[in-house]
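Asker: One structure is given below, represented as structure tokens, and several questions about it will come after.
The values are calculated or read from the model by the stated rules, or taken from the named source; none is laboratory data. What you see is a predicted model, and the numbers here were worked out from it, not measured in a lab. Cβ: placed from backbone, ideal geometry, glycine included. Neighbour counts: every protein chain shown. Side chains are part of the model used for accessible areas, which takes the heavy atoms of the whole protein and leaves out ligands, DNA and RNA. Shrake-Rupley method; radii C 1.70, N 1.55, O 1.52, S 1.80 Å.
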Amino acid sequence: MKITPQPGIMDIALYQGGQSKVEGVSSVVKLSSNENPFGPSDKAKDAFSRTVHNLHRYPSTDHADLRNAIGEVHGVDPARVICGVGSDEIIAFLCQAYAGPGDEVIYTQHGFSMYRISALGAGATPVEVPEVDRVVSVDEILKGCSDRTRLVFIANPANPTGTMIDIPELTRLAESLPDQALLVVDGAYAEYVEGYDGAAALVEARDNVVMTRTFSKIYGLGGLRVGWGYGPAEVIDVLNRLRGPFNLGEAQLQTAEAAVRDVDYVERCRVENATMRAWLEEKLADCGVPADGSCANFVLARFSSLEEAEACDAALKAEGLIVRKVGGYKLPNCLRITIGDEASCRRVATVVRQFKEARA
Ligand SMILES: Cc1ncc(COP(=O)(O)O)c(C=O)c1O
């Protein structure tokens, strides 16, 4: 073989998705990918079914109906919304468009792995900066900036920590970045935070902030692959030039449109998640497993060591409960547990309590 890949590609470690099977266990509960345990709304499922009649037609290229629905529901300008194959695709477009060889892309110590992967994929240099006690630090990001910085990615709330920073801190970050850099606020979990706009108003107020969002989490559509971005008109124009004309099929577009319009369903899921998250955090704390107060649909359970985290993971797996080991996120003594339905949360709490009691 004479042909070789572009520099950076072979440095990409393959993305590890959440496990969904356990050898020898037939009935499992998947709590490893931050999916909505209730799935999508009935309205979204009906919209999906209806698209079967038009499979022979190419889909819309401009996504106008979905963008208008997003605009109405989220109070954003639809002309500055771009829809992608998951928010992953928007993250990749940003790196392709703005970061190449010699440019730096900043992400934080426990940041979502696609930032590094997409930066390397674009030939840029990923730069990891520290967090402070599992929270993004604006000061550390600013220390990590240079005249080569082109993009700064933070998820707010963050995955896998579940922590977030407030709008004044986000604003301070946007105001203090070097002129040639864009701040990307990834709002994959924004809908789980009551009263939080995912930084939409900051996008509105400034010309150096982009927000990304997804239908994979609270909307229960991870299997469909739809995400979106919101940013300054010039940035969205640049990203649209990279976007394949038919990147989203009609089933994706129409299902996502029905999902975003079903605001009552989203609110019910948010409330249910908040209730069970508080309950699970308390049960874990009661048996000596602390977690930072999570703002998302998972908790990051902290054990005393890697060995203890792995043993608890094995105990959960033996009961068919699949959670996520996060050593790859530099959190070796932690397990990330997606908030499932009430029955799943109760099962997790019971297994962790019995596990801790057996070791006491
Ligand atoms: C912080 C964060 N951003 C983006 C994504 C990607 O979501 P999507 O399914 O929209 O590509 C995820 C998915 O886990 C995530 O946790």
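Asker: Which whole-number percentage describes the relative contact order of the stretch 200-261, with Cα contacts under 8 Å and a sequence gap of 6 or more? Provide the component values of the computation, followed by the final result.
Answerer: Numbers: 56 pairs, mean separation 18.9, N = 62.
Over the stretch 200-261, the number comes to 31 percent.
Asker: May I pose another question? Do the sum for the chain: with -39,500 (n - 2.57) for every DSSP H run of n ≥ 4, divided by all residues, what is the mean residue ellipticity at 222 nm, to the nearest 500 deg cm²/dmol?
Answerer: Mean residue ellipticity at 222 nm (helix-derived): -12000 deg cm²/dmol.
Asker: For the chain, what relative contact order do you get, as a whole percent, if you take Cα pairs closer than 8 Å and at least 6 residues apart?
Answerer: Result for the chain is 24 percent.
Asker: Find, among the trypsin sites (Lys or Arg not before Pro) in the stretch 42-74, those assigned to loop by DSSP (not H, G, I, E, B) with at most 15 other beta-carbon atoms within 10 angstrom.
Answerer: Here the sparse-neighbourhood loop sites are Arg57.
Asker: Further question on the same structure: Please report, as a whole percent, how much of the solvent-accessible surface of the stretch 1-94 comes from carbon and sulfur atoms (probe radius 1.4 Å).
Answerer: The computed percentage sits at 53.
Asker: For the stretch 246-312, what is the Kirkwood estimate of the hydrodynamic radius, computed as the reciprocal of the mean inverse distance between distinct Cα atoms, to one decimal in Å?
Answerer: Working: mean 1/r = 0.0678 Å⁻¹.
With all distinct Cα pairs of the stretch 246-312 included, I get 14.7 Å.
Asker: Counting pairwise Cα distances across the chain, what percent come out greater than 40 angstrom?
Answerer: 13 percent
Asker: Moving on to the next point. Just to make sure I understand: if all protein chains stay in place, what is the order of Asp147, Asp262 by accessible area at 1.4 Å, largest first?
Answerer: My answer, sorted largest first, is Asp147, Asp262.
Asker: Sequence gap at least 6, Cα distance under 8 Å: using those rules, report the relative contact order of the stretch 282-341 to the nearest whole percent.
Answerer: Normalised by residue count, the contact order of the stretch 282-341 is 34 percent.
Asker: Let me ask something additional. Ranked by accessible surface with a 1.4 Å probe, highest first, in what order do His63, His56, His74 come?
Answerer: Descending order: His56, His74, His63.
Asker: Here's something else I'd like to know. Which percent of the accessible heavy-atom area of the stretch 250-313 goes to carbon and sulfur, probe 1.4 angstrom?
Answerer: 51 percent
Asker: Determine by what factor the alpha-carbon radius of gyration of the stretch 145-187 differs from 2.2 N^0.38 Å, reporting the quotient.
Answerer: Computed over Cα atoms of the stretch 145-187, the ratio equals 1.19.
Asker: Quick check on the chain: of the DSSP beta bridges with both residues there, what percent are antiparallel, nearest 5%?
Answerer: 50 percent
Asker: Follow-up question, since we're still on this one. Compute the whole-percent fraction of alpha carbon pairs in the stretch 3-146 spaced more than 27 Å apart.
Answerer: 48 percent
Asker: For Asp42, what accessible surface area do you get with a 1.4 Å probe? Give it in Å², rounded to 10.
Answerer: Number for this one is 110 Å².
Asker: Taking the solvent-accessible surface of protein heavy atoms with a 1.4 Å probe, what is the per residue accessible area of the stretch 272-335 in Å²? Don't jump to the answer; show the numbers that get you there.
Answerer: Values: 2400 Å² over 64 residues.
Each residue of the stretch 272-335 exposes 37 Å² on average to a 1.4 Å probe.
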